[in-house]
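Notes follow the structure.
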Amino acid sequence: MTDVKQIVNLKFTLNGKAVEVDCEAEETLAEVLRDRLNLTGTKISCEVQVCGACTVLVDGLPVSSCTLLAYEARGKNVTSIEGLAKPDGTLHPIQQAFIDEFAFQCGFCTPGMILAAKALLDENPKPSRDEIVHFMDGNICRCTGYVPIVRAIQKVAGTLESKHHK
Ligand code: FES
Ligand code: FES
């Protein structure tokens, strides 16, 4: 018996632009972004909704795109890391803060971290350090660079004390 794949037509808004793509019904949003739309900034690692590497925003909320079926994004507003910088290349303040605070090593977790941080700051522009740590709990950095990541988010929130290494 041949394996017949069900193809679905998917329309959604991606980084502010309408997109339309055909994909298999069981494809995840991460796979569609990476393999069909060539946006490889979204990383896939654990594939079981544990590490946060694949985090994108769907209608402003952080989701693990490795387990969200792409068709569940129909009609929604999806933001991937490629949608944060301005068209002229100016980085989003969170991206700039990650650079300024050296908040990445290998960078594999970084797109997901930045999008999770965006969701937090959009909802709560001045989170406490504890609130940042709690909110970012679902994003794992295998290089264990958590201190500069938290500092970068504090910097954007305007709550970073100038003194390094307290
Ligand atoms: S790759 Fe999606 S949560 Fe780890
Ligand atoms: S910078 Fe390497 S996993 Fe976070």
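Residue pairs whose Cβ atoms lie under 8 Å apart, separated by 6 or more positions or on different chains, with the first residue in the range 91-107 and under 18 Å from V147 (Cβ atoms) and the second hydroxyl-bearing (S, T, Y), are F98/T110; A103/T110; F104/T110. Condition first: touching a residue at least 60 places away in the same chain (Cβ under 8 Å), in a loop (DSSP other than H, G, I, E, B) and farther than 19 Å from G107 by Cβ. Can you find one or more residues in the range 62-75 that meet it? Scanning the range 62-75, I find at least one residue that is touching a residue at least 60 places away in the same chain (Cβ under 8 Å), in a loop (DSSP other than H, G, I, E, B) and farther than 19 Å from G107 by Cβ, so the answer is yes.
One line per residue, one yes/no per condition, for (1) at pLDDT 95 or above; (2) more than 16 Å from ligand 2 (Cβ to nearest atom):
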residue	(1), (2)
Q6	no, yes
C51	yes, no
T55	yes, no
P62	yes, yes
L68	yes, yes
R74	yes, yes
L84	yes, yes
P87	no, yes
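With respect to the conditions (1) in contact (Cβ under 8 Å) with a residue 40 or more places away in the chain; (2) outside any loop (DSSP other than H, G, I, E, B); (3) away from ligand 1 (no atom under 13 Å from the Cβ), G41 falls short on a single one, namely (2). Number of residues in the range 90-107 that are aromatic (F, W, Y) and loosely packed, with under 15 Cβ neighbours inside 10 Å: the value is 1.
Which members of the range 105-151 meet the condition of being basic (K, R) and assigned to a helix (DSSP H, G or I)? Once the filter is applied, which keeps residues that are basic (K, R) and assigned to a helix (DSSP H, G or I), the range 105-151 yields K118, R129, R151.
Entry remark, the range 17-32: residues being within 21 Å of L84 (Cα to Cα) and either assigned to a strand (DSSP E or B) or outside the structural domain of L68 (by TED's automatic domain parsing) (or both) number 4 in total. For Q154, the requirement of being in a helix (DSSP H, G or I) and under 19 Å from A53 (Cα atoms) is not met.
Scanning the range 148-166 for residues that are loosely packed, with under 11 Cβ neighbours inside 10 Å and modelled with pLDDT of 90 or more yields one hit, G158. For the range 133-157, the set of residues classified as away from ligand 2 (no atom under 16 Å from the Cβ) and either touching a helix residue (DSSP H, G or I) at 6+ places or on another chain (Cβ under 8 Å) or not assigned by TED's automatic domain parsing to the domain that holds E101 (or both) consists of F135, Q154, K155, V156, A157, listed by residue number. Selection of the range 108-142 for residues being exposed (fewer than 13 other Cβ atoms within 10 Å of the Cβ) and not hydroxyl-bearing (S, T, Y) yields D122, E123, P125, K126, D130, H134, D137, R142.
Within the range 78-104, the set of residues being of a type outside the set (G, A, S) and either assigned to a loop (DSSP other than H, G, I, E, B) or touching a Pro at 6+ places or on another chain (Cβ under 7 Å) (or both) comprises I81, L84, K86, P87, D88, T90, L91, H92, E101, F102, F104.
For the range 46-61, does any single residue satisfy the condition of being more than 16 Å from ligand 1 (Cβ to nearest atom), farther than 20 Å from A157 by Cβ and part of a loop (DSSP other than H, G, I, E, B)? Checked the range 46-61: at least one residue is more than 16 Å from ligand 1 (Cβ to nearest atom), farther than 20 Å from A157 by Cβ and part of a loop (DSSP other than H, G, I, E, B).
The values are calculated or read from the model by the stated rules, or taken from the named source; none is laboratory data. Remember, it's a predicted structure, so these values are computed and weren't measured experimentally. No Cβ is skipped: glycine too gets one built from the backbone with ideal geometry, and neighbour counts run over all protein chains shown.
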